[in-house]
């Protein structure tokens, strides 16, 4: 009976993971990648985050914003590990609209650490007007805003495996999932076929080609590597405190396990006179 | 059955206070000397866990409110501000968000424990009804809290649920617009939900006080369902129940911590990290896991008004449970047939939860209809009949007798539990 109840609670608990937004039949299921930040002791790969930021700046930033990310966080612990002067340098390369000044006018100035990364378009309408009606989403929390359906019983096993990377697995799959449309399907020049995208028709062109972005550290300059790096970077923008969360979590778990042990033996001792 | 307090205030200040407000005596009689049945198992520790969860939700919630902005323009970004810029804001937010799920997990275990051991039966009817009221308040609070981050699921859950009121004949649309404070889900709704989400937990706390008061008047039920007959049947709340509750609470916190620190978004929906967009409906609108069985009942009925009525009826039926169950025996231990039907009900509720997460099409709809019908049949047909046809097993004469292993029950055939003190 007790086992039954346990199983029942687990099933009920895990049910919320079953539904997902993407149910289009033709959509392929992303493959799970190995990520440095997965698992109970996962950490970001600093060099990978720095490469990912480079990829974002040189390619993605043409259309996508990161409006929730402040320049100062580039030098925060648990992040890409830029030094503060480096972060300052990065910030100063952006133009920030500020104001109004004492004459009541808005003006532009170089970015500072306290600024947030400016978005490429001032508003939704401007983006749509520029991009054939498409609206590129802001990428700040995209790694947590996407997912894919795991189904039963996989979603229960995932709770035990601490699988929390469905977002990045989807984003990576999407970035590398472009292919020719099936025979008989013709797409307008503003649409592209992606086997992981719900409905398959996406307005984003295949983003990467070989050697498009220069990696000074000798990392392979392939679309797969670019996709992997920028996806890891987007996990950091979505979850900047992941490392301290897992570190504190481990401390809390050790404490609770010891505490539970002490409570168990105290309980045994107290009740020994009753039984 | 409140504990006969032997409390003696120590020191001049406590004696002075006790003569004017016997607070020490109240605490002593309620949480120290209070006699608890000696045979309580670990399913009885969830009352304490629930009290802890309510306190944890209020404390983390108060901190979150210091940094949250309840406007449709800024709500989403202010939650992200908490996650990024507030010191340990991510911790408070994840503890609070997962705390809702843990709260419901604990309350469902608590409720099914009450169902299994017949804790709703005479003289605990009022205790049970207060519990159902707490459950309703919890559902309202959790739903409104889910709306506050103003993500896609927040917005569309609010839209779906507030639209249910439009099913009310004649006044439906007027009521819905009154709830919205306008002609669509927008700023006024978010702001009043925020207000109510802050208010309701304190109403819950108030009803919890009544719930505990009622409990201390009639005393706890126990796994045998037999009334306490003598001092041999009980042990003092402190240290016995305190240490047992404490141990289980720590075990519960390990599970809680697993979610908070390692899979904090597992129980949520990824769509809620997309800012609310009134022009774009998510392909599947699903509530949080703890509402899924009710969502399945809502969608099982092909008529909108009928679905709403069925959903509310599925909770209202619990108010009448003490009178729907006609059996004089409380505990399922001595009710072989009821015990089987209990487990069928558990499976039925889990099944409804699964169906609530699936799109309402094809076989899912049929299955949801069958399980919805069974849910009501369990309470309205099976329970009343079972008390008449079931032959219960022999009930032990007293709690202390049942604790002594291998002892044969003194009385053959079931003995109607008589009230004691």
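Among the candidates B:38, B:93, B:20, single out the residue that is over 26 Å from the mean Cα position of the chain (by Cα) and either more than 24 Å from residue B:219 (Cβ to Cβ) or crowded, with 17+ Cβ neighbours inside 10 Å (or both). Just one listed residue meets the conditions, B:20. The lone criterion from (1) part of a helix (DSSP H, G or I); (2) in contact with a helix residue (DSSP H, G or I) (Cβ under 6 Å, 6 or more places away or on another chain); (3) surrounded by fewer than 20 Cβ atoms within 10 Å (Cβ to Cβ) left unmet by residue B:293 is number (3).
Residue by residue, here is whether (1) outside any helix (DSSP H, G or I); (2) within 12 Å of chain A (Cβ to nearest Cβ) holds:
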residue: B:182; (1), (2): yes, no
residue: B:189; (1), (2): no, no
residue: B:199; (1), (2): no, no
residue: B:215; (1), (2): no, no
residue: B:240; (1), (2): no, yes
residue: B:257; (1), (2): no, yes
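Out of B:318, B:253, B:249, one residue alone is within 21 Å of the chain's Cα centre (by Cα), more than 9 Å from chain A (Cβ to nearest Cβ) and assigned to a helix (DSSP H, G or I). It is B:318. Kindly indicate whether residue B:139 is away from every other protein chain (no Cβ under 13 Å) and surrounded by fewer than 21 Cβ atoms within 10 Å (Cβ to Cβ). Judged against the criteria, residue B:139 is a match. One residue is enough: does segment A:144-166 have a residue meeting the conditions away from chain B (no Cβ under 12 Å) and in contact (Cβ under 8 Å) with a residue 60 or more places away in the chain? Checked segment A:144-166: no residue is away from chain B (no Cβ under 12 Å) and in contact (Cβ under 8 Å) with a residue 60 or more places away in the chain.
Yes/no per residue for (1) in contact with a helix residue (DSSP H, G or I) (Cβ under 8 Å, 6 or more places away or on another chain); (2) in a helix (DSSP H, G or I); (3) more than 30 Å from residue B:108 (Cβ to Cβ):
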| site | (1), (2), (3) |
| --- | --- |
| B:28 | no, yes, yes |
| B:36 | yes, no, no |
| B:48 | yes, yes, no |
| B:61 | yes, yes, no |
| B:68 | yes, no, no |
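Just one of the listed residues (B:314, B:331, B:327) is buried (at least 16 other Cβ atoms within 10 Å of the Cβ) and farther than 23 Å from residue B:389 by Cα, namely B:314.
Just one residue in the set B:7, B:42 is within 14 Å of chain A (Cβ to nearest Cβ), over 17 Å from residue B:194 (Cβ atoms) and out of contact with any strand residue (DSSP E or B) (no Cβ under 8 Å at 6 or more places or on another chain); that residue is B:42.
Each row is one residue, and each column tells you yes or no for (1) modelled with pLDDT of 95 or more; (2) surrounded by fewer than 18 Cβ atoms within 10 Å (Cβ to Cβ); (3) closer than 21 Å to residue B:278 by Cβ.
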{"residue": "B:157", "(1), (2), (3)": "yes, no, yes"}
{"residue": "B:175", "(1), (2), (3)": "yes, yes, yes"}
{"residue": "B:189", "(1), (2), (3)": "yes, no, yes"}
{"residue": "B:193", "(1), (2), (3)": "yes, no, yes"}
{"residue": "B:206", "(1), (2), (3)": "yes, yes, no"}
{"residue": "B:210", "(1), (2), (3)": "yes, yes, no"}
{"residue": "B:215", "(1), (2), (3)": "yes, no, no"}
{"residue": "B:222", "(1), (2), (3)": "yes, no, no"}
{"residue": "B:230", "(1), (2), (3)": "no, yes, no"}
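Taking segment B:296-306 as the range and being surrounded by 19 or more Cβ atoms within 10 Å (Cβ to Cβ) and over 13 Å from residue B:375 (Cβ atoms) as the test, only B:299 passes.
Which of the following residues is touching a residue at least 40 places away in the same chain (Cβ under 8 Å), within 14 Å of another protein chain (Cβ to nearest Cβ) and either in a helix (DSSP H, G or I) or closer than 21 Å to residue B:348 by Cα (or both): B:153, B:144? First the steps, then the outcome.
Numbers: B:144 fails: within 14 Å of another protein chain (Cβ to nearest Cβ).
Only one candidate qualifies: B:153.
Of the residues making up segment B:105-128, those that are in a helix (DSSP H, G or I) and either modelled with pLDDT under 95 or over 12 Å from the mean Cα position of the chain (by Cα) (or both) number 5.
For segment A:99-112, the criterion of being crowded, with 19+ Cβ neighbours inside 10 Å and either without any contact (Cβ under 8 Å) to a residue 40 or more places away in the chain or under 26 Å from residue A:224 (Cα atoms) (or both) is satisfied by no residue at all.
Here are B:235, B:228: which of them is assigned to a loop (DSSP other than H, G, I, E, B), touching a strand residue (DSSP E or B) at 6+ places or on another chain (Cβ under 8 Å) and more than 12 Å from residue B:44 (Cα to Cα)?
Details: B:235 fails: assigned to a loop (DSSP other than H, G, I, E, B).
Just one listed residue meets the conditions, B:228.
Could you grab me the full set of residues in segment A:139-156 that are in a loop (DSSP other than H, G, I, E, B) and surrounded by fewer than 17 Cβ atoms within 10 Å (Cβ to Cβ)? Selection gives A:151, A:152, A:153. Remark: pairs (first residue in segment B:357-369, exposed (fewer than 15 other Cβ atoms within 10 Å of the Cβ); second residue part of a loop (DSSP other than H, G, I, E, B) and at pLDDT below 95; Cβ separation under 9 Å; 6+ apart in sequence or on different chains) = B:359/A:19; B:359/A:23; B:359/B:283; B:359/B:284. Scanning segment B:270-290 for residues that are within 7 Å of chain A (Cβ to nearest Cβ) and either touching a residue at least 60 places away in the same chain (Cβ under 8 Å) or not in a loop (DSSP other than H, G, I, E, B) (or both) yields B:270, B:271, B:273, B:274, B:282, B:284, B:286, B:288, B:289. Is it true that some residue in segment A:66-74 is away from every other protein chain (no Cβ under 13 Å) and surrounded by fewer than 19 Cβ atoms within 10 Å (Cβ to Cβ)? No, that holds for no residue.
Condition test on residue B:372, is it touching a residue at least 60 places away in the same chain (Cβ under 8 Å), more than 10 Å from chain A (Cβ to nearest Cβ) and crowded, with 21+ Cβ neighbours inside 10 Å? Even if it seems obvious, please write down each step before you answer.
Numbers: touching a residue at least 60 places away in the same chain (Cβ under 8 Å): yes; more than 10 Å from chain A (Cβ to nearest Cβ): yes; crowded, with 21+ Cβ neighbours inside 10 Å: yes.
So residue B:372 fits the description; yes.
Yes/no per residue for (1) farther than 28 Å from residue A:52 by Cα; (2) away from chain B (no Cβ under 14 Å); (3) more than 21 Å from the chain's Cα centre (by Cα):
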| position | (1), (2), (3) |
| --- | --- |
| A:187 | yes, yes, yes |
| A:197 | no, no, no |
| A:207 | no, yes, no |
| A:215 | no, yes, yes |
| A:269 | yes, no, yes |
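The values are calculated or read from the model by the stated rules, or taken from the named source; none is laboratory data. Keep in mind the model is a prediction, meaning the values are calculated, not measured. Reconstructed Cβ throughout: ideal geometry from the backbone, glycine too, with neighbour counts over all protein chains shown.
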